[in-house]
Every structure is written in structure tokens, then in C-alpha cells.
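All remarks here apply to the structure that follows.
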Amino acid sequence: MTKAPSNKESGDPHRASSDPRAVRSRRVIIDAAVALLAEHGFAGTTVEAIAARSGAAKTTIYRHWPDKRAVLLAAIEAIVPSATAPDSGSLRGDLVGFGHDLVRIITTPPTAALVPALIDAAERDPEIARLLADFTAQRRRPVHAAVQRAVERGEAEDGRDADLIDDLLLGPIFYRRLLSRRPVTEGYVESVVDTFLRALYR
């Protein structure tokens with residue numbers, strides 16, 4: 001694997017990110033990675049393939065991202081939006097809003113096909129497994145923010161295990177979507193949220 005350039009070689013990342021040429025370069029590379037993911041999956045989306053598709057040198061790619069995992073994460077972020085937890089004034093309202101937005105995302109192309117492919121690839125590729133961990137960690141943040149708002153309002157207790165919150169709330173939605181293959185309705189999301197709140201906060 002080609003070694004990523006050092007910080008000294010890559011220059012100031014903040015200056016590079018605001019340089020119009022650097023912005024265009026990143027966009028072309030990300031577009032190429034997205035196209036390759038759609039066409040060939042994760043196995044076919046190598047740095048070499050991205051360079052060939054985008055016309056950018058591998059050294060240019062490594063100037064923007066330290067490794068393949070970072071490039072793919074950026075590409076996935078470009079395709080898959082983050083679910084949001086709107087500040088409704090109540091923890092239930094925030095979590096129901098988040099759940100509905102999450103269901104919309106994971107049932108709409110291209111995310112509907114990309115997420116299962118990412119999970120499958122992670123079982124065989126440690127690099128993809130680390131990418132999946134980064135991806136899911138970023139997309140759990142709205143849930144943590146909603147819980148923190150509830151704590152600040154005095155609506156929920158502080159000190160709860162963040163990982164347990166994620167598992168109890170998100171686990172049923174992904175199980176129903178990916179394994180049981182049953183519809184994830186609005187009523188189901190609300191039932192999951194209500195069960196979660198009774199189990200953890202009442």
C-alpha cells in the first residue's frame with residue numbers, strides 16, 4: 001500500500017480545504033469513489049481504481065485522505081445523509097423524529113442497498129469493519145444529543161451508557177429492516193421509542 005504523505009508533505013489541511021483547486025480535486029475523487037461503490041461494491045473500490053476513474057494521482061488522493069478507509073468513509077458520507085433528531089422539546093419527540101428519518105434513509109436508494117453491502121463487506125474485511133464503526137459512530141450522535149438535551153431539561157437521568165442507548169433504540173429498527181425484512185412503519189418506530197423510554201427512563 002502506498003504510504004500516505006506526512007503532514008509536512010501534505011501542507012496545511014485547513015488552507016488546502018479552502019483552496020478552490022483542492023475543493024474541486026476532492027469533489028472529483030469523491031464522485032469517482034461513489035460511482036465505483038455503486039458499480040463494483042467495496043472490493044472493487046480501491047485507491048488505484050479511484051485514481052484511474054478520477055484522473056487524480058494516488059499521491060493527490062493521499063494528500064486529501066490518509067488511507068483508503070478515509071476515502072471510502074467520505075464517499076459514503078456523500079451518499080448517505082445523517083438522520084436528525086429535531087429539538088421537539090421532549091425526548092420522545094426527538095427520538096421518534098430521529099427514528100422516522102432513519103427509516104426513510106435506510107429504505108431509500110442508494111442507501112437501501114449500500115448499508116447491507118457495507119455490513120456484509122465488514123464481515124470479511126477488517127478495513128471495512130473499521131470504516132463501518134466510524135460511520136455508525138458518527139450517525140449515533142443525534143441520539144446522544146437528544147438524550148443530553150433531555151438531561152439538561154431534567155427529563156432524563158444522566159450517566160446512562162451511550163452504547164446501551166444505541167443498542168436498545170436502533171437495534172430493533174435495523175433487525176426488522178435487515179433480518180426479518182418486515183415493514184418498518186411509523187407505528188413500529190413509535191412503539192420502539194416508547195418501549196425504550198419505559199425500559200430506561202421510567
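The values are calculated or read from the model by the stated rules, or taken from the named source; none is laboratory data. None of the values given here were measured: they were computed from a predicted structure. Please note: Cβ atoms are built from the backbone with ideal geometry, for glycine as well, and neighbour counts cover all protein chains shown.
Structure notes:
- Residue match in segment 73-83 (condition: out of contact with any strand residue (DSSP E or B) (no Cβ under 8 Å at 6 or more places or on another chain) and closer than 20 Å to Asp194 by Cβ): yes
- Search result, residues across segment 68-116 that are surrounded by 19 or more Cβ atoms within 10 Å (Cβ to Cβ), farther than 25 Å from Leu36 by Cα and of a type in the set (D, E, K, R): Asp94
- Which numbered condition Thr45 misses (of (1) farther than 18 Å from Pro126 by Cα; (2) free of Cβ contacts under 8 Å to residues at least 40 places away in the same chain): (1)
- Flag not set for Ala38, criterion: free of Cβ contacts under 8 Å to residues at least 60 places away in the same chain and not in a loop (DSSP other than H, G, I, E, B).
- Residues in segment 134-163 that are hydrophobic (A, V, I, L, M, F, W, C) and either modelled with pLDDT of 85 or more or not assigned by TED's automatic domain parsing to the domain that holds Tyr188 (or both): Val143, Ala145, Ala146, Val147, Ala150, Val151.
- Count of segment 54-67 residues, restricted to those that are buried (at least 18 other Cβ atoms within 10 Å of the Cβ) and of a type in the set (Lys, Arg), is 1.
- Matching residues in segment 131-158 - criterion: being part of a helix (DSSP H, G or I) and small (Gly, Ala, Ser): Ala133, Ala137, Ala145, Ala146, Ala150
Residues checked against (1) β-branched (Val, Ile, Thr); (2) touching a residue at least 12 places away in the same chain (Cβ under 8 Å); (3) touching an Asp or Glu at 6+ places or on another chain (Cβ under 6 Å); (4) under 22 Å from Gly41 (Cα atoms):
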position: Leu118; (1), (2), (3), (4): no, yes, no, yes
position: Arg130; (1), (2), (3), (4): no, yes, no, yes
position: Glu155; (1), (2), (3), (4): no, yes, no, no
position: Leu179; (1), (2), (3), (4): no, no, no, yes
position: Tyr188; (1), (2), (3), (4): no, yes, no, no
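- Which listed residue is in contact with a helix residue (DSSP H, G or I) (Cβ under 9 Å, 6 or more places away or on another chain) and within 19 Å of Phe174 (Cβ to Cβ), from Pro110, Pro86: Pro110
- Matching residues, segment 163-202, being over 18 Å from Thr108 (Cα atoms), under 20 Å from the mean Cα position of the chain (by Cα), surrounded by fewer than 16 Cβ atoms within 10 Å (Cβ to Cβ) and among the aliphatic types (A, V, I, L, M): Leu164
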